[in-house]
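Take a look at the structure below.
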Amino acid sequence: MAQNHYVDVEARIPAAPGDLELFLPVWTPGSYMLREYSRQLEGVQFFTSDGKPLDFEKTRKNRWLVKNVSGPVTARYKVYCREMSVRNCWVENDFALLTGAQLFLAPVGQLQRPFQVQVDLPANWKRVETGLAPLGNQVFQAENFDALVDCPLVAGNPATYDFVVSGVTHRLVNEGEGGIWDGPRSAKDAEKIVATVHKMWGDVPYAKYAPKTYTFFNMLTQAGGGLEHKNSTVLMNSRWGQRARQDYLHWLSLVAHEFFHAWNVKTLRPKALGPFDYENEVYTPSLWVAEGFTAYYDNLLVRRAGFSTYKEYLDAISKDIEALQTAPGRLVQPLRYSSYDAWIKYYRPDENSANSGVSYYVKGSLVGLLLDARIREASDGKHTLDDVMRKAYKLYSGAEGYTEEQFRAVAEEMAGTSLKGFFADTVDGTKELDYKPMLAYYGLRFKTPEVKKENKDPEAGWMGGAYAIQNARLVVTSVRRGTPAYEAGLNTDDEILAVNDYRVLPDKVDRLEDRLRQYSPGATVSVLVARREKLTRLNVRLAKKPTDSWALEVNPEADERAKQHREAWLGPDLKP
């Protein structure tokens, strides 16, 4: 059924006499949104061990109840698998990516028992790659349901590359190289990332349980994203992603990010993220540590591994700063509540998301940047954020996890001073982040916007908003708070027709900008829009386009001490 995107599943469940209820998860760890996987199940049936059909009923959207069983039960069903995502299953003629949360029914209340998985492959597929412990003949074992859900499977004929770091085997599994992606190069560079991360943490958690390997599933499927697992990760990228340097640095950053999660999240985790409740939302205010700090380290680890220059690394930080500082939601939603509301906001963005919320990835990474500098300065260089992560790992990487208060206490211990004000401003509140201490400590600055002296044209008016050509119409796609468009009442999905009764042609987006350039900041223009077929005129008072620069660079006027701080942080620069 691969060509039709289906997997046939047969589950054999040892059962004591009585009622047997089975469930399918509604979400998968690491991706905090209800995915409703049961919508992809078809033809669910139950049988006795000798093949007799059993009556059953659904008790919830994701539960099935078989009453009065007298022995083992066999469940049979199909799963439709065609969502190219690190969180879902994909099956086609060439390969399969199988995600346990979408695939495996389990008996309610019996999740600590071992599970075995046997995969029957199409004739032209050679093998299965997974983090599950192999038993031979494409049979694998998980110690419990958590392990089963946390070990994706890739079946087909992928290219594989093994390398050993710290005495542990790591495997890069490339699906879709297509003669374009350089597999040996990517394996060699992944090895450097692994060695760099090992050096920081000084411990290898996944070496402590079978099969004592770590697998990078690199799905070259023209998609994007990554999802961490305890001894593997699923990455999605383009097979053309090595051609441009910036694209390849992005892939290396993705490798570093998801691999870093083997420590931060899969081993050192917020208390709320375990044991898992697979049927309900699991709320935590600490994703700014779990994801945000991981996002801080991903590009930093690429830099430490020797792949990027100062400029390239600072450019990466600059993009995050600009993303945050141009999002009005930074002044609305505290960082810790961005984490708490991940289930309803981050994974469900709409045209108003930038106005109402903030990304715990983006702001969390910048809080990590500022906290690292704060700890270095307060401890006179004796401690860094690395020390915070290692100490928290030592204290809280057991079964209990950490509370937000416990993590903050470790940070204060490493800084040697109170950080209550810092966390109140950056995590608990909505104050603007203060970059000045970090800039001064490392000898950095924001670039001054370039001004073309030869340009003597009048200053252009600016309306704000985002626009796109849709079905030969110039349409508003979002309006950010604080812009002239927002104040005038321009709405998402409005069709822009004219400015001051002169037609704005819908052949390209910058037609509107060209027209507004004819007016100066402070001028009021009449914008004619079509809103659900009704013509409406809006008076917009144009403003000056913001020219704030959030691009970081080394400050040539910084003193020698700042240079030493910068090199302690980033090491010596590379030649471009």
State all residues of segment 217-232 that are assigned to a loop (DSSP other than H, G, I, E, B) and among the charged types (D, E, K, R); if no residue qualifies, say none.
230
Is it the case that some residue within segment 107-126 is in contact with a Gly (Cβ under 8 Å, 6 or more places away or on another chain), closer than 12 Å to residue 2 by Cβ and in the same structural domain as residue 8 (by TED's automatic domain parsing)?
yes
Mind checking whether some residue in segment 246-265 is in a strand (DSSP E or B), crowded, with 20+ Cβ neighbours inside 10 Å, at pLDDT 95 or above and not aromatic (Phe, Trp, Tyr)?
yes
Going through (1) more than 18 Å from residue 364 (Cα to Cα); (2) crowded, with 16+ Cβ neighbours inside 10 Å; (3) more than 25 Å from the chain's Cα centre (by Cα) one by one, residue 422 fails only at (1)
Kindly list the number of the only condition in (1) in a helix (DSSP H, G or I); (2) touching a residue at least 60 places away in the same chain (Cβ under 8 Å); (3) of a type in the set (Asp, Glu) that fails for residue 279.
(1)
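Quick check on segment 168-198: of everything there that is among the hydroxyl-bearing types (Ser, Thr, Tyr) and within 13 Å of residue 255 (Cβ to Cβ), which residue is surrounded by the fewest Cβ atoms within 10 Å (Cβ to Cβ)? It would help to see each step written out before you state the result.
To start, the set of residues in segment 168-198 that are among the hydroxyl-bearing types (Ser, Thr, Tyr) comprises 169, 186, 196.
Going one step further and asking which of them are within 13 Å of residue 255 (Cβ to Cβ), we end up with 186, 196.
Values: 186: 25, 196: 20.
If we take residues in segment 168-198 being among the hydroxyl-bearing types (Ser, Thr, Tyr) and within 13 Å of residue 255 (Cβ to Cβ), then 196 is surrounded by the fewest Cβ atoms within 10 Å (Cβ to Cβ).
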Does residue 287 count as surrounded by fewer than 24 Cβ atoms within 10 Å (Cβ to Cβ) and touching a Ser or Thr at 6+ places or on another chain (Cβ under 7 Å)?
no
Output the helices (runs of 4 or more DSSP H) that fall wholly within segment 481-576 and possess 2 or more residues being at pLDDT below 95, or say none.
510-516
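Please go through segment 443-474 and pick out each residue that is of a type in the set (Ser, Thr, Tyr) and at pLDDT 95 or above.
Going through segment 443-474, the residues of a type in the set (Ser, Thr, Tyr) turn out to be 448, 467.
467, the sole residue that qualifies.
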Which residue is surrounded by the fewest Cβ atoms within 10 Å (Cβ to Cβ), if the candidates are limited to segment 533-576 and must be free of Cβ contacts under 8 Å to residues at least 24 places away in the same chain and among the basic types (Lys, Arg)?
534
List the pairs whose first member sits in segment 191-213 and is assigned by TED's automatic domain parsing to the domain that holds residue 228, whose second member is assigned to a helix (DSSP H, G or I) and surrounded by fewer than 19 Cβ atoms within 10 Å (Cβ to Cβ), and whose Cβ atoms are under 8 Å apart, counting only residues at least 6 apart or on separate chains?
200/386; 204/198
Please determine whether any residue of segment 440-454 is touching a Lys or Arg at 6+ places or on another chain (Cβ under 6 Å), assigned by TED's automatic domain parsing to the domain that holds residue 369 and not β-branched (Val, Ile, Thr).
yes
Those residues of segment 97-115 which are under 21 Å from residue 216 (Cα atoms) and in contact with a helix residue (DSSP H, G or I) (Cβ under 7 Å, 6 or more places away or on another chain), in sequence order:
100, 101, 102
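The values are calculated or read from the model by the stated rules, or taken from the named source; none is laboratory data. Computed from a predicted model, the values in this text were never measured in an experiment. Backbone-built Cβ (ideal geometry, glycine too); neighbour counts: all protein chains shown.
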